[in-house]
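The values are calculated or read from the model by the stated rules, or taken from the named source; none is laboratory data. Note that the structure is a prediction, hence the values are computed from the model and not measured. When we count neighbours, we look across all protein chains shown, and the Cβ atoms used for this are built from the backbone with ideal geometry, even at glycine.
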Amino acid sequence: METGLKNKIALLVASSEGIARAAAEKFAAEGARLAMCARSEAKLGKAAEELGTRYNVDVLTERVDVSDLSAMQAFVRHVVERFGHIDVCLANSGGPPAKNFLSIELDEWKKNVDLMFLSVVNLAKCVIPHMQRNGGGRFIAITSTSVKGSIPDLIMSNAIRPAVVGLLKSLSLEFGKDNITFNNVAPGYTATERLNELAGTRALAANVSIEEIRKRWSQEIPLARLARPEEVADAIVWLASERASYVTGQTILVDGGRYPGVA
């Protein structure tokens, strides 16, 4: 399938590991040039070296914390200085810890609003003008199935991530005239380090093994297994491709059918 991504510039946030790292590999395989940032310089450098060597693509990397708004603004400037424009932007961040409501202090709420929501606002403000000048673009956010149905113990994710969906829906209306699409990919239980941390918390609380928690999760999923990061990445690349040129303002669940709703 022709994606039209060869030589496109893809900016991927928090992409040294997990789903965004898998997406970087998929974009590289399509011949896109990459701009990657993350908090861990070592992991980021390793990912860039692997992708650049394996796919012979240009990779720009920079150590950036997505919640550091000024650092992200500088990174976007550096990407444009290096490549001239931005075609695809993937918004991503870590998730909050599993906690019950009364144990969460107000400062932690503010911190996670910055991490999961304001980081996307900031990134969109940075890249949209460049996409307008370039005649269009694709803006995609990695969210969670918590935007459709609450996940036990992840109250901050349940409360904050739906705001990202509302933001991108609004942006799809405002900037459709500029040929910029805005969509969300909402993964279900996916085999990442983030999920390992959540499994550990759940296992400790239930006094069972992590493998037992993984088994219980798999039993909740019609496809009877956890997702692989590259399966979620496939949805991201499709949304960025020419094949999805008329798709905007949408949230695509990649959850193996776990969410039971029809809307």
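Quick notes on this one:
- Given (1) of a type outside the set (Phe, Trp, Tyr); (2) surrounded by fewer than 14 Cβ atoms within 10 Å (Cβ to Cβ); (3) not in a helix (DSSP H, G or I), number of the condition Ile140 does not satisfy: (2)
- Phe182, sole failed condition from (1) closer than 20 Å to Val237 by Cα; (2) among the aromatic types (Phe, Trp, Tyr); (3) not in a strand (DSSP E or B): (3)
- Across the range 186-212, the qualifying residues are those that are assigned to a helix (DSSP H, G or I) and of a type in the set (Gly, Ala, Ser), and the one among them that is nearest to Ala163 (Cα to Cα) is Ala199.
- There is at least one residue in the range 147-155 that is within 22 Å of Asn92 (Cα to Cα) and either assigned to a helix (DSSP H, G or I) or outside the structural domain of Lys111 (by TED's automatic domain parsing) (or both).
- Residues (closer than 16 Å to Thr181 by Cβ and aromatic (Phe, Trp, Tyr)) located in the range 113-144: Phe139
- Considering the conditions (1) over 29 Å from Ser150 (Cα atoms); (2) touching a strand residue (DSSP E or B) at 6+ places or on another chain (Cβ under 9 Å); (3) surrounded by 15 or more Cβ atoms within 10 Å (Cβ to Cβ); (4) not β-branched (Val, Ile, Thr), Glu49 is excluded by exactly one of them, (3).
- Val165 fulfils the conditions (1) in the same structural domain as Ile236 (by TED's automatic domain parsing); (2) farther than 14 Å from Val121 by Cα; (3) assigned to a helix (DSSP H, G or I) except for a single criterion, (2).
- Where Leu90 falls short, out of the listed (1) within 30 Å of Ala203 (Cβ to Cβ); (2) crowded, with 16+ Cβ neighbours inside 10 Å; (3) among the aliphatic types (A, V, I, L, M): (1)
- Consider the range 94-109 and keep the residues that are among the charged types (D, E, K, R) and assigned to a helix (DSSP H, G or I). The one that is surrounded by the fewest Cβ atoms within 10 Å (Cβ to Cβ) is Asp107.
- Screening the range 213-238 for residues that are of a type outside the set (A, V, I, L, M, F, W, C) and outside any helix (DSSP H, G or I) and picking the one that is nearest to Gly256 (Cα to Cα) gives Pro222.
- Close pairs from the range 238-261: first in contact (Cβ under 8 Å) with a residue 40 or more places away in the chain and at positive phi, partner part of a loop (DSSP other than H, G, I, E, B) and among the aromatic types (Phe, Trp, Tyr), Cβ under 9 Å, at least 6 apart: Gly256/Tyr189
- Residue check, Asn112 touching a Pro at 6+ places or on another chain (Cβ under 6 Å) and either part of a loop (DSSP other than H, G, I, E, B) or not acidic (Asp, Glu) (or both): yes
- Being charged (D, E, K, R), farther than 23 Å from Ala20 by Cα, out of contact with any Asp or Glu (no Cβ under 6 Å at 6 or more places or on another chain) and surrounded by fewer than 13 Cβ atoms within 10 Å (Cβ to Cβ) is a condition met by no residue of the range 191-203.
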